[in-house]
Amino acid sequence: KALICATALALAAATPALADCDDGEVVIKFSHVVAEKGHPKGEMAAALAERINDEMDGKACMQVFPNSQLYDDDKVMEALLLGDVQIAAPSLSKFGAYTRKLGLFDLPFLFQDLAAVDRFTESDAGKSLLTSMQDVGYIGLGYINNGLKQFSADKPLLTPSDAKGLKFRVQTSDIAQAMIEALGANAQKLAFNEVYGALQQGVVDGQENTYTNIYTQKFFEVQDGITETNHQILTYFAVTTDEFLDSLDDETREQFLSIFKAVSDEYNAKSAQLNEEAKQAIIDAGGTIRTLTPEQRQQWVDAMKPVWAEFEDEIGKDLIDAAVAANN
Ligand code: LMR
């Protein structure tokens, strides 16, 4: 019995305190798949809840469920439509079933850094994407940035030929799959919470993600090393449903949207720093990070960029051009 109590206490300590919602408050459940701390999305979600629970007390109450505790990113989309949760923030790679336009963000070597992503997402073209899934009932509240992605594998990767024949976990994105196949490697789509186990058991040989994900999920511990390719951006869409927004009275909706905007702006400005810290933490923990010479990096560009042509029609050339222009 004592043991059960100790276990229950340990679990309680590991689980974040959920806000207690009062009768009459609109309950806003935000479900996501990443760590609460040291992660751009996890920290943003926690800060959003803190401000809503403080400033909208009596009107609204936010509860955050991190770490795939409630749903993975596929299931959460159904849960939104059922009204079981009100906010989710899957990466832009995961909306292919609802719109092909957001595949834009998966084009390898599209954005050179987060500043370019911000310029694009704040442009008319970027904002127009917020309503790209309205026919299904989803509406984008805004973008949450993570950062650029790096490759890792169970052997050193310096040139694309090192990746040949390996199996890489990818997000549920046809573009990510095509990009991996362009390397002569195999892609396996897996939910985020399955990646560590798949790497550890050798179900896949490698993966690609940001430093904050590689560090907080401990992927580096079950890989030979990480190669700093900066090959693709990881950005999220905070989504809700029209039905939920319409259910709020005007004042509550305005206040909620304005707090969302303030918190996402504040946290988007911190994501690059969080990824730098995660990179350093990986090095401090004994992980290996390999950097590429300009010639080696060009080989990755040459191998993967041809996938743009394959997806240009479904994404739209105007959108791609607008994103490319944001690099300058
Ligand atoms: C992934 O599946 O790799 C990411 O989308 C997870 C996340 O939310 O950062």
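The values are calculated or read from the model by the stated rules, or taken from the named source; none is laboratory data. Note that the structure is a prediction, hence the values are computed from the model and not measured. All Cβ positions, glycine included, derive from the backbone under ideal geometry; neighbour counts span all protein chains shown.
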First in region 18-33 and of a type in the set (S, T, Y), second anywhere and assigned to a loop (DSSP other than H, G, I, E, B) and within 16 Å of the ligand (Cβ to nearest atom), Cβ under 6 Å, 6 or more apart: S31/L70; S31/Y71; S31/V85
Verdict on L234 being touching a Gly at 6+ places or on another chain (Cβ under 8 Å), within 30 Å of M62 (Cβ to Cβ) and among the aliphatic types (A, V, I, L, M): yes
Residues satisfying the stated conditions in region 229-266, i.e. part of a helix (DSSP H, G or I) and within 16 Å of the ligand (Cβ to nearest atom): S264
V64 of a type outside the set (G, A, S), within 16 Å of the ligand (Cβ to nearest atom) and assigned to a strand (DSSP E or B): yes
Scan of region 33-70 for residues that are in contact with a Phe, Trp or Tyr (Cβ under 8 Å, 6 or more places away or on another chain) and at positive phi, ordered by number: G38, S68
D124 vs. criteria farther than 30 Å from D321 by Cβ and modelled with pLDDT of 95 or more: no
Among (1) under 16 Å from the mean Cα position of the chain (by Cα); (2) within 18 Å of K317 (Cβ to Cβ); (3) part of a helix (DSSP H, G or I) - the single one G126 does not satisfy: (1)
Residue that is farthest from the ligand (Cβ to nearest atom) [pool: residues in region 20-54 that are closer than 15 Å to Y71 by Cβ and not hydrophobic (A, V, I, L, M, F, W, C)]: K29
All positions within region 198-217 that are part of a helix (DSSP H, G or I) and in contact (Cβ under 8 Å) with a residue 60 or more places away in the chain: Y211, T212, N213, I214, Y215, T216
Any hit, region 234-255, residues being more than 30 Å from V26 (Cα to Cα), surrounded by 18 or more Cβ atoms within 10 Å (Cβ to Cβ) and in contact (Cβ under 8 Å) with a residue 12 or more places away in the chain: yes
